[in-house]
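Worksheet: one structure, shown below.
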Amino acid sequence: MSERQTIYEQDCEFYRYQDGLMWSRLKTAVVVEAALLYAVYDLAVKVALERAILVTATAMLVGLVFWIAFRDAAIGSVHLARIRRFERDEPFGSTKGLKGLRLMQIAMLIVLTIDVGLVFKVWLS
């Protein structure tokens, strides 16, 4: 095995690791979001100020988790760019299955839109 192939395989492994971190953070944010929706709509928090503080704090937490997930994606994209350069020079293998960032970004946008709507709703009501 050549040194370039070893570097290529290590980059692929690191990219898969970062991709897994990114998706696990998305799952964490979705669980926190589900807990927020349950607390706001099913538990029917009676005091408006408590509800507003709960929604705002949770939206900030979800935003922080998404920011960390985007950082993971940025770190992984550096390795993905190097993987693509290696693949151009020498055909070690195919990494065509390494996609999914757009799907995660769309999901994050939907969740953050819901959070912003909830924040405005509870503070304006």
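The values are calculated or read from the model by the stated rules, or taken from the named source; none is laboratory data. As the structure is a computational prediction, the values presented were derived from the model and not from experiment. Positions of Cβ are generated from backbone atoms using ideal geometry, with glycine treated the same way; all protein chains shown enter the neighbour counts.
Being modelled with pLDDT of 80 or more, among the hydroxyl-bearing types (Ser, Thr, Tyr), loosely packed, with under 15 Cβ neighbours inside 10 Å and more than 17 Å from Arg16 (Cα to Cα): is that true of Thr113 here? Yes.
Only one of the numbered conditions (1) exposed (fewer than 14 other Cβ atoms within 10 Å of the Cβ); (2) modelled with pLDDT of 85 or more is violated by Tyr41, and that is (2).
For Thr28, the conditions (1) more than 30 Å from Leu80 (Cα to Cα); (2) surrounded by 14 or more Cβ atoms within 10 Å (Cβ to Cβ) all hold with the exception of (1). Annotation note: Cβ proximity below 7 Å between a residue of segment 47-64 that is closer than 23 Å to Ala107 by Cβ and assigned to a helix (DSSP H, G or I) and a residue that is of a type outside the set (A, V, I, L, M) and modelled with pLDDT under 90 (sequence gap 6+ or interchain) occurs for Ala59/Asp115; Val62/Glu33; Val62/Asp115.
Considering every residue within segment 62-74, establish whether at least one is aliphatic (A, V, I, L, M) and more than 17 Å from Leu26 (Cα to Cα). The answer is no; no qualifying residue exists.
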